[in-house]
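Student: Got a structure for you, questions after.
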Amino acid sequence: MLEIMPDWLLSWFSDDSLEMIDYLTNGKHLTWYASVRYTLFAAVLSALFAIGFGLIGAALKQSGFFLFRWIGNFYTAIVRGIPDILFILFFPLAIEQGVEYFIARSKCTAEQIATSVNWPPCEAAQWFLTTNDYLLMACLSLGLVYGAFVANVIYGALQAVPKGQLEAASAYGFNQKQIFWKFKIRQMWAYALPGLSNIWMLLIKATAFLSLLQVTDIVYWAGLLGTANYFPSAGMVHPNWNFQYYFVLFVFYILLTMVSEKFFNMLQAKASRGMSVVER
Amino acid sequence: MIDAIMNSAIIQEIILLAKPALFNAYFALASIPIGFPFAIFLALGKFSTNKWISLPARAFIYAFRGSPLFIQFFMFYALMLSLNKVLWKPWGIDEWVLHPLFIGPFVLILNTGAYAAEIFYGALRTIPKGEVEAAKAMGMSKSQVFKTVTWPNMLRLSWPAYTNEMVFLFHSTSLVYFTLPVINEQKDLMNKAGELFEKDYNIYLHFGVAGLYFLIASLIIFYLSELMRRRLNRHLA
């Protein structure tokens, strides 16, 4: 950074602050700033997964067939009773083991499978996951967990659409398909948005767990950069700065929440335009 | 027959995880009794018309609801560590201030305080105005109005949401040992389940039973809370 700064700019700063600027723009720090992409990508992709699972869950919950209804209710109830962190660790491990089980059946000998105490039973069946694979699995499990919350919200919102509206649409001669898409689903969003906004807030906070799944995200780098450094050869010598680094993350997440809040307020205004029933 | 049941993997696992479950219970039970009054004060602070009281309360609630508990644990542990040399060591209390059994509930109280305060604040705003006015018209003093109208109404209106918050708090206790050092055999459910998983790679058994403990704890909280809800609403029956 200091190399590309013009001289007149350099002369503005004291030596101490120049050292600080140099420190904050070294390779490790740039990697840290860049790792925000994992957090944001995971938040967006998990949200899409969650909407998908949520729509399926809501459809199951209001299904006429008792078995589907039962599955939908079970899905939304179990996620409420068990911490999200358990699912977030469980799904990737379970998926990994499931895949390795099938590889083992084709690659390992029957003897190895029967006697091995380790997992996977033989070296050949080991499935090496890259950061991106872990990221994808983390998104899938976040989507499954928060999909249950979304299912509850959408289910409630579908019930909240006034019956009179649908009857009026029918009286005007709209067919069933039009009534469903143009009236029920269209109005459902306005009722669902406050709930979905809350789930999005939960979801961005849950992206902090990515570091537990071997993803080198902002939390991972903050922990690494904050540890004390006593070797001048490894860059600036500093004591334990963990607090400062985690404080930056603390502020970062608060800002992310603020921006999301603004965005959802905008969306709410858009979704509820022309509707007088939704109270803001 | 009884031996066969007792020796089954699931029963053995349930016995094995009973002690770790006590740690989760400890974190929750240590946080709720202090977090509850703290949240009430925060909510009343946010509701206050004095901006020097309202603004700090608002900021606190916003900050702690807007950031992950996971980061809050890391941050406060790092803060406690950095204060060790100047404060805790000289005072001779470093042993227990830096202990997860202290920092765990400490951070949980701050976190649940913010979440519960927002719930109580929402309830304070929806207290029927007519009741407050009626109480004032009867000539009640401010503290009497609070005791007979504001307080019972706030508790009654916020109770269902506060129940959810208590369940979430119990779930959050599983984060303590992901972020703070584990001392000796002091392990909570997730920690112990993870350790057992690394021995035999049986994820369904270990995580399943750990999940079962959380599920049962959630049901107990829901049940006790339902009893309380009935008591709070007994005049409406």
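Conditions tested, residue by residue: (1) in contact with a strand residue (DSSP E or B) (Cβ under 8 Å, 6 or more places away or on another chain); (2) more than 13 Å from every other protein chain (Cβ to nearest Cβ); (3) not small (Gly, Ala, Ser).
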| residue | (1), (2), (3) |
| --- | --- |
| B:GLN72 | no, no, yes |
| B:ALA78 | no, no, no |
| B:LEU87 | no, yes, yes |
| B:LEU108 | no, yes, yes |
| B:THR112 | no, yes, yes |
| B:ALA117 | no, yes, no |
| B:ALA123 | no, yes, no |
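Student: Let me ask you something else. Check A:TYR220, A:TYR230, A:TYR191 and return the single one that is out of contact with any His (no Cβ under 8 Å at 6 or more places or on another chain) and either within 22 Å of A:LEU255 (Cα to Cα) or not aromatic (Phe, Trp, Tyr) (or both).
Tutor: A:TYR220
Student: Mind counting the residues in segment A:160-180 that are surrounded by 11 or more Cβ atoms within 10 Å (Cβ to Cβ) and of a type outside the set (Gly, Ala, Ser)?
Tutor: 9
Student: Would segment A:105-123 turn up any residue that is farther than 21 Å from B:ALA193 by Cβ, within 12 Å of chain B (Cβ to nearest Cβ) and among the hydrophobic types (A, V, I, L, M, F, W, C)? Working first, answer last.
Tutor: Let us first name the residues in segment A:105-123 that are farther than 21 Å from B:ALA193 by Cβ, namely A:105-116, A:121-123.
So of that shortlist, the ones also within 12 Å of chain B (Cβ to nearest Cβ) come out as A:116, A:121.
In the following step, the residues that additionally are among the hydrophobic types (A, V, I, L, M, F, W, C) were identified as none.
No - not one qualifying residue is present in segment A:105-123.
Student: Taking the criterion of being within 14 Å of chain B (Cβ to nearest Cβ) and either acidic (Asp, Glu) or free of Cβ contacts under 8 Å to residues at least 40 places away in the same chain (or both), would at least one residue in segment A:53-74 satisfy it? Lay out the reasoning, then the answer.
Tutor: If we filter segment A:53-74 for residues that are within 14 Å of chain B (Cβ to nearest Cβ), which is where we start, we get A:74.
Now narrow it down to the ones that are either acidic (Asp, Glu) or free of Cβ contacts under 8 Å to residues at least 40 places away in the same chain (or both): A:74.
So far as segment A:53-74 goes, yes, one or more of its residues are within 14 Å of chain B (Cβ to nearest Cβ) and either acidic (Asp, Glu) or free of Cβ contacts under 8 Å to residues at least 40 places away in the same chain (or both).
Student: Give just the number: which of (1) crowded, with 18+ Cβ neighbours inside 10 Å; (2) under 30 Å from A:TYR38 (Cβ atoms); (3) over 24 Å from the mean Cα position of the chain (by Cα); (4) aliphatic (A, V, I, L, M) does A:LEU193 not satisfy?
Tutor: Going through (1) crowded, with 18+ Cβ neighbours inside 10 Å; (2) under 30 Å from A:TYR38 (Cβ atoms); (3) over 24 Å from the mean Cα position of the chain (by Cα); (4) aliphatic (A, V, I, L, M) one by one, A:LEU193 breaks only (3).
Student: Do we find that A:ALA94 is at the interface with chain B (Cβ under 10 Å from one of its Cβ atoms), in contact with a helix residue (DSSP H, G or I) (Cβ under 7 Å, 6 or more places away or on another chain) and either loosely packed, with under 14 Cβ neighbours inside 10 Å or not charged (D, E, K, R) (or both) in this structure?
Tutor: Spelling it out, A:ALA94 is indeed at the interface with chain B (Cβ under 10 Å from one of its Cβ atoms), in contact with a helix residue (DSSP H, G or I) (Cβ under 7 Å, 6 or more places away or on another chain) and either loosely packed, with under 14 Cβ neighbours inside 10 Å or not charged (D, E, K, R) (or both).
Student: Give me the helices (runs of 4 or more DSSP H) completely within segment B:1-119, filtered to those with at least 2 residues that are of a type in the set (Val, Ile, Thr), over 19 Å from B:GLU165 (Cβ atoms) and in contact with a helix residue (DSSP H, G or I) (Cβ under 8 Å, 6 or more places away or on another chain), ordered by residue number. Reasoning before the result, please.
Tutor: Numbers: elements: B:2-7, B:9-16, B:18-47, B:51-66, B:69-82, B:94-97.
Ranges flagged: B:9-16.
Student: Looking only at helices (runs of 4 or more DSSP H) that fall completely inside segment B:132-208, which ones have 2 or more residues that are in contact with a helix residue (DSSP H, G or I) (Cβ under 6 Å, 6 or more places away or on another chain) and at negative phi?
Tutor: Per the criteria, B:151-172, B:176-179, B:189-200.
The numbers here are math on the coordinates, done by the rules we state, and not lab data. Computed from a predicted model, the values in this text were never measured in an experiment. Cβ atoms come from the backbone with ideal geometry, glycine included; neighbour counts cover every protein chain shown.
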